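What follows is a set of notes on a single structure, which appears directly below.
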Amino acid sequence: MQRQVRAVAVEERGFAEIASVGILLAILVGFALFLYCRAEEQTVPVTGRTQRVALSEEDQAQLGAEAYRDILAGSATEIVRTGPEATLVRRTGERIAAVADDPGFVWEFTLIASPAKNAWCLPGGKVAVYSGILEIARDEKGLAVVMAHEIAHAIAQHGAERMLQEQLTRVGLLALSTTLGGLDPASRGALLALFGAGAQLGVLLPFSRDMESEADRIGLIYMARAGYNPEAAIGFWERMAAAREGPEPPEYASTHPSDATRIANLQKWLPEAMEEYRKTTETGVTMLPQLPAGFLLPPAPAQRMAATSASD
Ligand SMILES: [Zn+2]
């Protein structure tokens, strides 16, 4: 009799556990669907790809501006405010942003004194360029390759798109963790790590590489519209590849396409950009004179000023 009662109790507890796991899973699936559907479908300019993003353009602009202020005010950030290079970064950025498919962002272009050969862009049109990349850019056309690529990331709203992908991956991990609740902690941890790695290699990294390629393609068109010969992009990325220290990471494990893939893609997209360039130069639009190669000089210490506060 006692054994029977215990068996029924165990069975009831089993049912209760399955029911609570089911309810939790339903909530998580519902939440994932909510995140996905709340993000309206929209079209990326130039490529025509449809996408969903986690934030409205207004929210991107606000959050991007806040993060930009915080990063630039960081103690290690030395902003170059004056001098020919800072002026050129702003001028080239503004010239390209003026012909891009601007969703009304307030653009900002900042030069940061750093040997890093890098540049980045936050949602809402906040761009930073490290002075180390200027020696690869060499001249205004080369700098236009960098600026057009970063502007393309902002216009294509890649930051907000990535945010949605990461949110959905996190909900997926939580759902899996709930389902695996009955397993011993070691097996559960191993399966979750496997899913995490799978999502990283199979979803997030390929998306990241696609975004890089999309920014390259859109960037070529924006360069052309601004009157910069898009052929400059090939030379720029060849110099970037040559300047790389150490071996490249394998493409499947990288956020960026390999140098060879990138250059091959640029060659493939160049004809449509050259057509756009031809149209720009034929319209008789007065182009700003391009500065000669080799004008870029290392900024003098007096031209550098450390960022001291967020309101600078
Ligand atoms: Zn990029």
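Brief remarks follow.
- Qualifying residues in segment 111-121 (those that are surrounded by fewer than 17 Cβ atoms within 10 Å (Cβ to Cβ) and under 21 Å from residue 162 (Cα atoms)) - the one farthest from the ligand (Cβ to nearest atom): 118
- When segment 149-158 is filtered for residues that are of a type outside the set (Val, Ile, Thr) and within 11 Å of the ligand (Cβ to nearest atom), the ones remaining, listed by number, are 149, 150, 152, 153, 154, 156, 158.
- Within segment 39-96, being charged (D, E, K, R) and assigned to a loop (DSSP other than H, G, I, E, B) holds for 40, 49, 81.
Rundown of residues vs (1) part of a helix (DSSP H, G or I); (2) of a type in the set (Val, Ile, Thr), yes/no style:
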position: 171; (1), (2): yes, yes
position: 191; (1), (2): yes, no
position: 196; (1), (2): yes, no
position: 208; (1), (2): yes, no
position: 214; (1), (2): yes, no
position: 248; (1), (2): no, no
position: 270; (1), (2): yes, no
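- For segment 128-137, the count of residues that are in contact with a helix residue (DSSP H, G or I) (Cβ under 8 Å, 6 or more places away or on another chain), within 13 Å of the ligand (Cβ to nearest atom) and either in contact (Cβ under 8 Å) with a residue 40 or more places away in the chain or part of a loop (DSSP other than H, G, I, E, B) (or both) is nonzero.
- Evaluation of residue 235 against the conditions (1) farther than 29 Å from residue 43 by Cα; (2) modelled with pLDDT under 85; (3) under 23 Å from the mean Cα position of the chain (by Cα) shows that the sole unmet condition is (2).
- Restricting segment 68-98 to residues that are in contact (Cβ under 8 Å) with a residue 40 or more places away in the chain and within 19 Å of residue 215 (Cβ to Cβ) leaves a set whose member that is surrounded by the most Cβ atoms within 10 Å (Cβ to Cβ) is 92.
- Count - residues of segment 206-222 that are within 15 Å of the ligand (Cβ to nearest atom) and either in contact with an Asp or Glu (Cβ under 9 Å, 6 or more places away or on another chain) or of a type in the set (Lys, Arg) (or both): 9
- Conditions (1) charged (D, E, K, R); (2) closer than 20 Å to residue 79 by Cβ; (3) crowded, with 22+ Cβ neighbours inside 10 Å: number failed by residue 108: (3)
The values are calculated or read from the model by the stated rules, or taken from the named source; none is laboratory data. None of these values were measured; they are calculated from a predicted model. Note that each Cβ is placed from the backbone with ideal geometry, even for glycine, and that neighbours are counted across all protein chains shown.
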